[in-house]
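Computed from the coordinates by the stated procedures, all read-outs in this text should not be read as laboratory data. Everything quoted here is computed from the prediction, not taken from an experiment. Note that each Cβ is placed from the backbone with ideal geometry, even for glycine, and that neighbours are counted across all protein chains shown.
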Amino acid sequence: MYIVIVGAGKVGYHLARLLMTQGHGHEVMVIEKDRSKVDLLAIEFHDAIMEGDGSMVETLKEAGANRADVVVATTGNDEDNLVICQVAKLMFLRPRTIARVNNPRNEELFTGLGVDASVSGTKLINAIIHE
């Protein structure tokens, strides 16, 4: 499975690392805006990380989004994550998009605008507390 992850912060980094080391044969490409993060992570991820704005069509195309089975948006910005997923869906016709939702109030919006799955850490922890 080919997976494009946009955002190499804590969530994106750990997700990419987990997918690469699980032994399921996943091919992963990480897109990160911050050049210093890209330089640092290139030591570990080699050619599986690239610098760029993952909300831009050109960047997603360069990352191979046209053949991705899944596009995952893990940035710290809900607006960026929504745009990334919408571009992947509408421009590249990707079958599955997943977005990190930082503000749980935005989760319904993401679903309504075509994001296949959204993950809100805040909402998950709240649900566990109330179990």
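Would you mind counting up the charge near V11? Only other residues with Cβ under 14 Å from its Cβ, with Lys and Arg at +1 and Asp and Glu at -1. Mind dumping the intermediate values first?
On the way: positive: K10, R17, K37, R100; negative: E32, D78, D80.
With Lys, Arg at +1 and Asp, Glu at -1, the neighbours total +1.
Report the charge-dipole magnitude of segment 2-129 in Debye, nearest 20, computed about the Cα centre from +1 at each Lys and Arg Cβ and -1 at each Asp and Glu Cβ.
Details: 13 positive and 17 negative charges, 65 e Å.
Charge dipole of segment 2-129: 320 debye, to the nearest 20.
H26 to E44: extension gain in nm, 0.36 nm per residue of separation minus the Cα-Cα distance? Numbers along the way, then the final one.
Working: separation 18, 0.36 × 18 = 6.48 nm, distance 1.61 nm.
Contour length minus Cα-Cα distance gives 4.9 nm.
Once you list every other residue whose beta carbon is under 12 Å from the beta carbon of E51, what net charge do they have if Lys and Arg are +1 and Asp and Glu are -1? Could the numbers behind the result be given before it?
Values: positive: K33, R35, K37; negative: E32, D34, D39, D53, E62.
In short, -2.
Along the charge dipole of the chain, which of H130, F45, G112 sits closest to the positive end, that is, farthest toward it, with unit charges on the beta carbon of Lys, Arg, Asp and Glu (+1, +1, -1, -1)?
Comparing the listed Cα positions along the dipole, H130 ranks first.
Rank these for me by crowding, Y13, Y2, going from fewest to most other beta carbons within 10 Å. Working shown, then result.
Numbers: Y13 20, Y2 15.
Sorted ascending by nearby Cβ count, the order is Y2, Y13.
Measuring from label point to label point, each 7 Å out along Cα→Cβ, what is the D34 to E62 span in nm?
1.9 nm
With Cβ to Cβ distances under 11 Å as the rule, what net charge do the other residues near V30 carry (K, R +1; D, E -1)?
Net of charged neighbours comes to -2.
So what is the relative contact order for segment 14-92, in percent, with contacts set as C-alpha pairs under 8 Å and at least six apart? All intermediate terms of the calculation are to be shown ahead of the outcome.
Numbers: 71 pairs, mean separation 17.4, N = 79.
Reported relative contact order: 22 percent.
Give me the base-10 log of I(q)/I(0) for the chain at each q in 0.11, 0.19, 0.22 Å⁻¹, Debye formula, one uniform scatterer per Cα, rounded to two decimals.
Debye curve over Cα of the chain, log10 I(q)/I(0) at q = 0.11, 0.19, 0.22 Å⁻¹: -0.36, -1.02, -1.30.
Among 73-81, 23-31, what's the highest-first ranking by average C-beta atoms within 10 angstrom per residue? Mind showing how you got there, number by number?
Numbers: 73-81: 20.8, 23-31: 16.8.
Per-residue mean Cβ counts within 10 Å order the peptides as 73-81, 23-31.
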